[in-house]
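What follows draws every value from the coordinates through simple rules; no lab data is involved. Since we're looking at a predicted model, the values are computed, not measured. Ideal geometry is used to build each Cβ from the backbone, glycine not excepted, and the neighbour counts take in all protein chains shown.
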Amino acid sequence: ARRVTGMESELHSIGELARASGLGVGTLRYYDGAEVLTPAWVDPQTGYRWYRPAQLADARLLARLRRVGLPLADIRAVLAAAPGSGEARRILDAHLRRLEDGLADARRELSLIRTMIEQREQPMTTTPAELRLTLPADGLAAALDAVRFAVGEDPELPSLAGVLFEPDGPVLRLVATDRYRMALAEVPASGAPEQPAADTIVPTALVDALRALLSGGPAEAVLTLGGGTFRAETGGHRIEGAALDFDYPDHRAATRLDPRHRITLTAAELRAAVETGATRTLPSGPQGADCQVTVLTLTADGRLVVADDLAPEDFRVAVNRDYLLDALGAGRSGQLLLELGGPIAPLAIRTPDRAGTFSVLMPIRLPDAA
């Protein structure tokens, strides 16, 4: 370390800090501009950066956080976390969960890729296998009710005009999205393979026909997926049709959430608050059409309320009011768990006793949002 003229403490030059931490000089300049690791003193004549000895530990920690791919905002939060608050550990735990989920997703995709390669290399001898699943009819009906509202209707996005049926070990996962909202539900399934099987996008008309078929009260439903078709048999009746021949967008990335707040309340409470609360008219949704927006915020004692007016610095999440009411009406009548991440983070609506069934609403940026 060197003593700098006019300074009372020993400071490290940016070059010394770079060598000691393993971070490049350009990287340290970047983190200064991003307000992650700012120097203790900048020479007003040369612009050269100088750092306190204690900042070496921060620089070394920053280098480690970079290696594990922690996002910039989370790096900033870890370095700024108050000692003993547990905030840094919470951020790291959430990042580890994201990495583990990403690894599981990668394994699943690689298994499907291998199957596709086999079909590509041996087109005459390899045929897409059909998968036959047996599910509880009431569970399948509830899952369809939980996702149907989010099915896309935009003719420019035909891949979203249906429900994704995704076998995943002991469950069948249903997914629907129109890009502005997403709904997922899981049903226990027997006959599901241990290895990932091909997904099937069931067109909307066939989804509605299946839901009507389940209204008769049968105990079980048998679904056959694969080979470009979808077949359902229950209660002595059968429906069949062609699946949509598209690749469904990756839903996993959109559902890896890191909420700042988790709020428990009843569906009736939230519905009443939204129906009677204030709204704003803002452009959003398909083609940027105007919609009524509900702004959710938290009171000082942690209660979730619909905001009448907000200062720009207040915590708030703005969502399409009609989409929120649709999500609340999708088979949810009891206790809810809302996960809020902030003004630009998706809002998740979960049913505590149904871990795999939840909805995600994309936020709407308010004009005065930072």
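Listing for the model above:
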{"read-out": "Charge dipole of segment 1-112 about the Cα centre (unit charges at C-beta), most positive-ward option of VAL78, SER111, SER21", "value": "SER111"}
{"read-out": "Integer Hz, Karplus 6.51/-1.76/1.60 couplings in order for segment 47-55, x for Gly and Pro", "value": "x, 6, 9, 10, 10, 5, x, 5, 6"}
{"read-out": "Estimated dipole of the chain in Debye, rounded to 20 [Cβ of Lys and Arg +1, of Asp and Glu -1, Cα centre]", "value": "1220"}
{"read-out": "Kirkwood hydrodynamic radius of the chain, Cα pairs, Å", "value": "24.0"}
{"read-out": "Charge dipole (the chain, unit charges on Cβ, about Cα centre) - positive-most of LEU270, TRP41, ALA88", "value": "TRP41"}
{"read-out": "With Cα atoms, 0 to 90° folded angle of helix 204-213 axis to the chain main axis", "value": "60"}
{"read-out": "Among 275-283, 319-327, the order from most to least packed when residues are scored by Cβ within 10 Å on average", "value": "319-327, 275-283"}
{"read-out": "Relative contact order (percent, whole number), segment 257-361, Cα cutoff 8 Å, 6+ residue spacing", "value": "30"}
{"read-out": "In order through segment 23-38: 3J(HN,Hα) via Karplus (6.51 cos²θ - 1.76 cosθ + 1.60), integer Hz, x for Gly, Pro", "value": "8, x, 4, x, 5, 5, 4, 4, 6, 5, x, 7, 6, 9, 9, 8"}
{"read-out": "For the chain: relative contact order, % (alpha-carbon pairs under 8 angstrom, 6 or more apart)", "value": "12"}
